[in-house]
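Student: I am attaching a structure below and will ask some questions about it afterwards.
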Protein chains: 2
Amino acid sequence: MTDKNNPNENEDLQVLLQRVTYLLRKYKLVEGFVNLQEKPDLELAESSVQKRNLEELKNLLDKLHPADIAHILETLPLDDRLIIWNLVKVEHDGEVLLEASDAVRETLITDMGNEELVAAAEQLDADEIADLAPDLPLDVINDLFQSLSIEERENLRAAMSYPEDAVGALMDFDVITIREDVKLEVVLRYLRRLNELPDHTDQLFVVDRDEHLQGVLLVSQLLVNDPDIKVAQVMTKEMVTLQPDDNAEQATHAFERYDLVSASVVDNTGRLQGRVTVNTVIDFIHEKAENDALNLAGLSEEEDLFAPVLKSVRNRWAWLAINLVTAFIASRVIGLFEDSIEKLVALAALMPIIAGIGGNSGNQTITMIVRALALRQINPDNARKLIIKEISVSAVNGLIWGTVIGLFTYTIYQSASLGLIMTLAMMLNLLLAALLGVLIPLTLRKLGRDPAIGSSVLITAVTDSGGFFIFLGLATIFLL
Amino acid sequence: MTDKNNPNENEDLQVLLQRVTYLLRKYKLVEGFVNLQEKPDLELAESSVQKRNLEELKNLLDKLHPADIAHILETLPLDDRLIIWNLVKVEHDGEVLLEASDAVRETLITDMGNEELVAAAEQLDADEIADLAPDLPLDVINDLFQSLSIEERENLRAAMSYPEDAVGALMDFDVITIREDVKLEVVLRYLRRLNELPDHTDQLFVVDRDEHLQGVLLVSQLLVNDPDIKVAQVMTKEMVTLQPDDNAEQATHAFERYDLVSASVVDNTGRLQGRVTVNTVIDFIHEKAENDALNLAGLSEEEDLFAPVLKSVRNRWAWLAINLVTAFIASRVIGLFEDSIEKLVALAALMPIIAGIGGNSGNQTITMIVRALALRQINPDNARKLIIKEISVSAVNGLIWGTVIGLFTYTIYQSASLGLIMTLAMMLNLLLAALLGVLIPLTLRKLGRDPAIGSSVLITAVTDSGGFFIFLGLATIFLL
């Protein structure tokens, strides 16, 4: 955390980063580092100047929040990253691993021995270990299980059993439970016996003997009410409760809609299992938004800025391959009309315009629909209205832009009929884009797939091949 | 909020929505509604069946959280939306307007009289009124000012003075302040005199006589510590503080990084101005992610699902026009080589492949860089390394995909030299895509513009025109 005298925490981080880089450079200069692959043996750093640099670096890192250390590690190239990573206090290792992005976490874990990993993970809660688990070697997970208490082991097993997109994967076990028949006074005394409250404790959970959730006591109610009142009198019975199998994304909507700080998780008999807190929700929202953006751009997953080249190639491979297939298809569509192009070569120069604008317009529609689907705004009642609206928008756009393009064509090629064909082709391709811009995401959704992934590639494929076919087909029929 | 017996709040909402739609349909049937433009005069609805429907609808709506009402309104076509809107309790109007998306809010406000608007806004806090203000008629804002207390007027003026992307625009004024020299016991008694605490009160702000922030007392510290201890002994002095002029997006990173529920906002003398809470931050993150996605797809702003056609056309206009210009340029580049295409018509069928894959690859690079810029992971130290990495990735991809395409071309056209030209053109266009994929966002950033907006359009323009030029140019030199 930043000191209150340095209110802008981000400028702060930039300055820190510069200082770290500066010290690192001096350190490497003295040491005569050249082999970037080799891990520096910090024990051997003997010269006094260097010792001072290292000391200062260590002090700097010790004072930083784990999230800030993770940020610095993410910004550094691999060799520098590992030097810094070895300077981080062992007590911080687990937290930093948690905060680092998946790709960077992998590079850090690869650099650590099994014992180091167990030591780092042991400092974390069961739900946090579960987040790391997919990246840990199996040996480490086994060792970890041995070192945990029975309760923690149970929690870890529970946390690891849920798929990534279920509420169970977001859940933690830090719940404070109370009974409804005690006075607030008793609750206050109970809390005072604790050393600290779990982070994000904005409510205490009221349960019966069998751990069935009866209601929640908001901390703010605890604070404003007379200590002589009983819990039952001020507890809230109308609250959001989640189930471990609920869809995580839908749960985050509940946080957004009802401005929650935490929400209880119960099993299907109403027994309290844990809670979800807003910080986990923010991370989830962020990751989801990022993954959507990455997928849209054709990256399979998040990529370390300094990932080895071959790793990056692999990450980008799948979507380039798909793109190649759709490009081949479009190319073959054009191939069908080679005779026409040979007779009127202007067609070759004009056809990318039809395909390009169609793709842009189709992507506009797709984005609207995918967003509305995510917000659950589309149902059978209004789907037809939506198609009609999108087609109307496209008809107007087709008229406007088709006319512009027709005039452009006429000006350049001095052919009114070629201009008219352009106008007509543009209108038809925009209508195709609108129709499929609505139908593609709706169909993907019906097939149980995420409409955010792949919709854009599909619509572009359709408007490319479709655009070429419509334009060259019309030209062949009417001009040649 | 949902009852605890209905844990999945979303299924709940879906069912509710169906019920609302059903009642609406029955209502309209009885009333013989045909003219969708005309606002229904609910006072005139006299028939008894209809009265019952209306009653049930009203009851349903009265029980709903304003966020849920807003959601239902967003899902309904304009005519149905306005019928429902007129049934919403006046006390809920302000909250619903706040929760609704900008586009839908506009349609609701248009439907309201000035007095209704003033009444709705009066129920909101100053910071909330400031959020609505840009959409309100000037008369309404003036009337509102008159109706507020001096302090609220001051707050409203302050809140409205900050640009949308500054911390000041996210700030609210619901702070509880205490002095450091009192005992926790006194603080507890003080809180008990309040009817309720502001939402998201996870900390109390410790200030001196001049309202200078000295530290914060976490509510959890207040609860676990002995009431006889003084505030000064348990307050935290190391906390995140923001300034009203700070960049809002950077502030949201602080919430994410340090798992905050609230953060203080101070002016440059350290005087407490207000606070930012996590619910506002979530809304901001969400809106930002959405706007980025919309801009990327070529929509200027969020669009009401059922916006009138001409309004939608306007929203999509700007990007289609830009796209048209870049398509014209690409078309003219092809026009330069019409002679070559006439001699070898296969060029026309092959050239979109080069342009398409280049665009895809360039967008992959851009997405990486824009994301890293947003996370502040790029600095002059590592920018050069990044360019080298991206160019290496492209070189490998160019080799792989260029070979695939070369073989494809050879198979179809039985010309080894044409295949080689394809391979070479593909490699060169991918290198161009990598270089500009790094340089375009870095340059936009240097010019002080948001690299997320427009980068994608620019890189596609470059890889289209560039791809056509490279491929047709090479073919003209070596084949013809």
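Student: Once phi is turned into ³J(HN,Hα) by the Karplus curve 6.51 cos²θ - 1.76 cosθ + 1.60 with θ = phi - 60°, what whole-Hz value does each residue of the range A:339-349 show in order, with x for glycine and proline?
Tutor: Once θ is set to phi - 60°, the couplings for the range A:339-349 become 4, 5, 5, 4, 6, 9, 5, 4, 4, 4, 6 Hz.
Student: In square angstrom and rounded to 100, what buried accessible area do you get between chains B and A, total over both, with the probe at 1.4 Å?
Tutor: Accessible area lost upon association: around 12500 Å².
Student: Enumerate the amide H contacts of B:VAL182 below 5 Å, restricted to partners 5 or more residues apart or on another chain; note that Pro and chain-start residues carry no placed amide H.
Tutor: The answer is B:VAL231, B:ALA232.
Student: Would chain A count as rounded, prolate or oblate if I go by the C-alpha gyration tensor, calling it rounded below 1.5 in a/c and otherwise prolate when a/b exceeds b/c, oblate otherwise?
Tutor: Since a/c reaches 1.5 but b/c is at least a/b, the shape of chain A is classed as oblate.
Student: Kindly state, to the nearest 0.05, the FRET efficiency for B:LEU336 paired with B:GLU301, given R0 = 35 Å and r defined as their beta-carbon distance.
Tutor: It comes out at approximately 0.40.
Student: Near the amide H of A:VAL265, under 5 Å away, which other amide H atoms are found, from residues 5 or more places off or on another chain, if H is placed in the peptide plane?
Tutor: A:LEU242, A:GLN273, A:GLY274, A:ARG275, A:VAL276
Student: Taking every pair of alpha-carbon atoms in the range A:274-342, what share in percent sits in each 10 Å bin, from 0 to the bin with the longest distance?
Tutor: All Cα pairs considered, the percentages come to 17, 27, 23, 18, 9, 4, 1, 0.
Student: Let me make sure I get this right: for the protein assembly as shown, a, b and c are the square roots of the gyration tensor eigenvalues over alpha carbons, sorted descending. Under 1.5 in a/c it's rounded, otherwise prolate if a/b > b/c, else oblate. Which is it?
Tutor: On the way: a/c = 2.03, a/b = 1.26, b/c = 1.60.
Oblate is the answer for the protein assembly as shown, as a/c is 1.5 or above yet b/c matches or exceeds a/b.
Student: Hey, can you rank B:237-246, A:13-22 by average C-beta count inside 10 Å, highest first?
Tutor: B:237-246, A:13-22
Student: Using amide H atoms built in the peptide plane, which far-off residues or other-chain residues are under 5 Å from A:ALA166 H to H?
Tutor: Amide H neighbours of A:ALA166, under 5 Å, 5+ apart: A:ALA248.
Student: Testing the spin-label approximation: label points 7 Å from Cα along Cα→Cβ at A:ARG157 and B:ASN59. State their distance in nm.
Tutor: 4.9
Student: How many angstrom lie between the Cα centre of the range A:265-326 and the Cα centre of the range B:146-173?
Tutor: 37
Student: Before rounding to the nearest 500, sum -39500 (n - 2.57) across all DSSP H runs of length at least 4 in chain A and divide by the residue total; then give [θ] at 222 nm in deg cm²/dmol.
Tutor: Result for chain A, helices only: -21500 deg cm²/dmol.
Student: A further question follows. Run the numbers for B:GLU122 and B:ARG192: contour at 0.36 nm per residue of separation, minus the present Cα-Cα distance, in nm.
Tutor: 22.5 nm
Student: With θ set to phi - 60° and the Karplus curve 6.51 cos²θ - 1.76 cosθ + 1.60, what are the ³J(HN,Hα) couplings of the range A:318-335 in order, to the nearest whole Hz, using x for Gly and Pro?
Tutor: 4, 6, 5, 5, 4, 4, 5, 4, 5, 5, 4, 4, 4, 4, 5, 4, 4, x
Student: Using a 7 Å offset from Cα along Cα-Cβ at B:ASP199, what residues in the range B:95-120 end up with backbone N under 17 Å from the label point?
Tutor: B:95-102
Student: First compute the accessible area of the range B:179-282 with a 1.4 Å probe, then give the percent of it belonging to carbon and sulfur atoms.
Tutor: 38
Student: When you look at the Cβ of every residue in B:298-306, what mean number of other chain Cβ atoms sits within 10 Å?
Tutor: 4
Student: Taking the label point as lying 7 angstrom from Cα along the Cα-to-Cβ axis, what are the distances from A:ASN86 to the corresponding position in the remaining copies, in ascending order and in nanometres?
Tutor: Spelled out, the distances from A:ASN86's label point are 7.6 nm.
Student: Through the Karplus equation 6.51 cos²θ - 1.76 cosθ + 1.60, θ set to phi - 60°, convert the phi angles of the range B:391-408 into ³J(HN,Hα) values in whole Hz; use x for Gly and Pro.
Tutor: Rounded to whole hertz, the list is 5, 5, 4, 5, 4, 5, 4, x, 5, 5, 6, x, 5, 4, 5, x, 5, 4.
Student: To the nearest whole number, what is the average tally of beta carbon atoms from other chains within 10 Å of the beta carbons of peptide B:205-211?
Tutor: 0
Student: About its Cα centre, how strong a charge dipole does the range B:177-296 have in debye, to the nearest 20, once Lys and Arg get +1 and Asp and Glu get -1 at the Cβ?
Tutor: 580
Student: If you stretched the chain out fully between B:LEU138 and B:ASP181, how much longer would it get, using 0.36 nm times the residue separation minus the C-alpha to C-alpha distance?
Tutor: Residue separation times 0.36 nm, minus the Cα-Cα distance, leaves 10.8 nm.
Student: If the reach is capped at under 15 angstrom between alpha carbons, list the aspartates and glutamates near B:LYS343, excluding any in the same chain fewer than eight residues apart.
Tutor: Correct list for B:LYS343: A:GLU338, A:ASP339, A:GLU342.
Student: Cross-link partners among aspartates and glutamates for B:LYS311, C-alpha distance below 15 Å, same-chain residues fewer than 8 apart left out?
Tutor: B:LYS311 reaches A:GLU390, B:ASP102, B:GLU106, B:GLU301, B:GLU302, B:GLU303.
Student: What gaps in nm, shortest first, separate A:ARG449 from its twins in the other copies when you place the label 7 Å past Cα toward the beta carbon?
Tutor: In nanometres, ordered from closest: 3.5.
Student: Distance between the C-alpha centers of the range A:362-405 and the range B:403-469? Whole Å please.
Tutor: Spelled out, the Cα-based centre of one part sits 30 Å from the other.
Student: Note the distances from A:ASP111 to each other copy's matching label point, with points 7 Å along the Cα-to-beta-carbon direction, in nm, sorted shortest first.
Tutor: 5.8
Student: Under the classification rounded if a/c is under 1.5, otherwise prolate if a/b is larger than b/c and oblate if not, where does the range A:68-118 fall, given a ≥ b ≥ c as square roots of the Cα gyration tensor eigenvalues?
Tutor: Details: a/c = 1.39, a/b = 1.31, b/c = 1.06.
Rounded is the answer for the range A:68-118, as its axis ratio a/c remains below 1.5.
Student: Within straight cross-link reach of B:LYS51, meaning Cα distance under 18 Å, which aspartates and glutamates are found once same-chain residues fewer than 8 apart are removed?
Tutor: Leaving aside aspartates and glutamates fewer than 8 places away in the same chain, those within reach of B:LYS51 are B:GLU31, B:ASP41, B:GLU43, B:ASP62, B:ASP80.
Student: Taking each residue in B:367-377, count the Cβ atoms of any other chain within 10 Å of its Cβ, then average. What number comes out?
Tutor: 5
The values are calculated or read from the model by the stated rules, or taken from the named source; none is laboratory data. Note that the structure is a prediction, hence the values are computed from the model and not measured. Cβ coordinates were reconstructed from backbone atoms using ideal geometry, including for glycine residues, and neighbour counts include every protein chain displayed. Each accessible area value is taken on the protein alone, full model and side chains, heavy atoms only, with ligands, DNA and RNA left out. Shrake-Rupley method; radii C 1.70, N 1.55, O 1.52, S 1.80 Å.
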